[in-house]
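Below is one structure; the comments refer to it alone.
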Amino acid sequence: MRAAVFEAEGRKLAIAERETPTAGQGELVLRVAFCGICGSDLHATEPSPFPLDRGTVLGHEFAGTVAASGAAEWQVGDRAIGIPLMPCADCAPLGECREGLGILCPRGRIIGLAATAPGAYAEYVRLPARMALRVPDGLDLSHAALAEPLAVGAHAVRKAGTLLGARVLVIGAGPIGLAVIAFAALSGAGALAVSEPDPTRRERALSLGATTGIDPRAEDVRAAFAQAAGGAPDVVFECAGAPGLLRHAIDLAGIAARVVVVGVCRTEDTLLPRVAIRKELSVQFVLGYVRDDFALVLDTLAAGRLDAARFITRTIGLDALPDTFEALRRPNPEAKVLIAP
């Protein structure tokens, strides 16, 4: 099969021939219909204290059809998405973490972020059958491929607690920020503002439920939010992961507010604890999702309560991936770029 392979930092992904995976007991092989390019993929291929293995096939946001099945409940041709988690060797016979830790298990691997767990920047991908969920009838596979990033947003909103009537600020309107906005709106947030410098991304956020768009390069975010919402934020979601933004979120949050850290800052950062202490803030770090988040996303998409098409800005073939991947490292107005390998 053809796949896009990470060779080294500073080099483009290479399109290469790889052995087509086979389905062992309790495993599935999906023929990949669509796979999203994630910001985590971009960051993983950059210099970091946590370098990516050379030879890794990236891709953890995927949907497709079963090409081979080692599980009685799955048949060839069934449509599926994957929760992109591979359990450790001890839990592999079960197909999932025996302690129920999911993505939090330090011994597990994320499909597409380890050389030993090849991802879906390829024509086929293997996963444990217990990590697959059926795509509802009538739901387009390109929309189903958004389940993973949408599950991140759903999980962050779930961990934030009740949002009904709350004043909410979302920092960053990339795909994860958009997912948070969509589920915060569905959860009954009152004022729902987004701070995002790119005008195209701000408009997209407004189309998905944000009530106010703030340009942090041209406006004072605190003043603009207060004018639009009638006060300081009750909840701030930090969805960009850049150094300094956690401190920024703490500065903006109201008294006894909640700060939910969704963006992944991959470098050391600083903050002033006294600011958070004086407001008695709750700061919640979140990682990924649980199975229920995926189920919620699929149900929401199938019911037509979330317009998945608004997340997709382009679909490309595998040959266009290396250049597109590099272009996405630079500031851009894209939301989700899908690969159809």
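Any read-out appearing in this document is the output of simple, stated calculations on the displayed coordinates, not a laboratory observation. Small disclaimer: the values here were computed from a predicted structure and weren't measured. Note that each Cβ is placed from the backbone with ideal geometry, even for glycine, and that neighbours are counted across all protein chains shown.
Viscosity 1.306 mPa s, temperature 10 °C: what is the translational diffusion coefficient of the range 150-285 from Stokes-Einstein with a Kirkwood Rh over Cα pairs, rounded to a whole number of µm²/s? Before the final figure, lay out each step's value.
Details: Rh = 14.3 Å.
Estimated via Stokes-Einstein, D reaches 111 µm²/s.
How big is the dipole moment of the chain about its Cα centre under a simple scheme where the beta carbon of each Lys and Arg is +1, that of each Asp and Glu is -1, and everything else is neutral? Debye, nearest 20, please.
For the chain, the charge dipole is close to 500 debye.
Among Ser282, Ser48, Ser207, determine the one that fluctuates most according to a GNM of the chain built with springs between C-alpha atoms less than 10 Å apart.
For the chain, modelled as a Gaussian network with Cα springs under 10 Å, the answer is Ser48.
Dipole size in debye (nearest 20) for the range 150-285 around its Cα centre, Lys and Arg Cβ +1, Asp and Glu Cβ -1?
It comes to approximately 280 debye.
GNM on the chain, C-alpha springs below 10 Å: top fluctuator among Thr45, Thr212, Thr313?
Thr313
Just want the answer: with Cβ charges of +1 for Lys and Arg and -1 for Asp and Glu, which residue in Gly77, Gly161, Thr20 is farthest toward the dipole's positive end in the chain?
Gly161
Work out the charge dipole of the chain with +1 on the Cβ of Lys and Arg and -1 on the Cβ of Asp and Glu about the Cα centre, then indicate which of Gly36, Ala3, Pro118 is farthest towards its positive end.
Positive-end residue among those listed: Gly36.
Most exposed first by the Cβ proxy, i.e. fewest other Cβ within 10 Å, how do Glu148, Glu73 rank?
Ordered by Cβ neighbours within 10 Å, fewest first: Glu73, Glu148.
Which value, in Å to one decimal place, does the Kirkwood hydrodynamic radius take for the chain when every pair of different Cα atoms is included?
Result for the chain, one decimal place: 20.5 Å.
Give me the distance between the Cα centres of the range 322-341 and the range 116-175, rounded to whole Å.
18
What order do you get for 215-226, 257-268, 76-87 when each peptide is scored by the mean count of other beta carbon atoms within 10 Å, highest first?
On the way: 215-226: 14.5, 257-268: 18.3, 76-87: 21.2.
The densest-packed peptide leads the list: 76-87, 257-268, 215-226.
Among Ala320, Ala229, Ala182, which one moves the most in a GNM of the chain with springs linking Cα atoms closer than 10 Å?
Fluctuation is largest for Ala320.
How do Thr116, Thr20 rank when sorted from fewest to most other Cβ atoms within 10 Å of their own Cβ?
On the way: Thr116 10, Thr20 16.
Sorted ascending by nearby Cβ count, the order is Thr116, Thr20.
Would you kindly derive the ³J(HN,Hα) couplings of the range 301-306 from the backbone phi angles with the Karplus curve 6.51 cos²θ - 1.76 cosθ + 1.60 (θ = phi - 60°), listing them in order in whole Hz, with x for Gly and Pro?
Ordered by residue, 3J(HN,Hα) equals 5, 5, 7, x, 8, 9 Hz.
Nearest 5 is fine: what % of DSSP beta bridges in the chain come out antiparallel, could you say?
Values: 29 of 52 bridges.
Bridges in the chain that DSSP calls antiparallel: roughly 55 percent.
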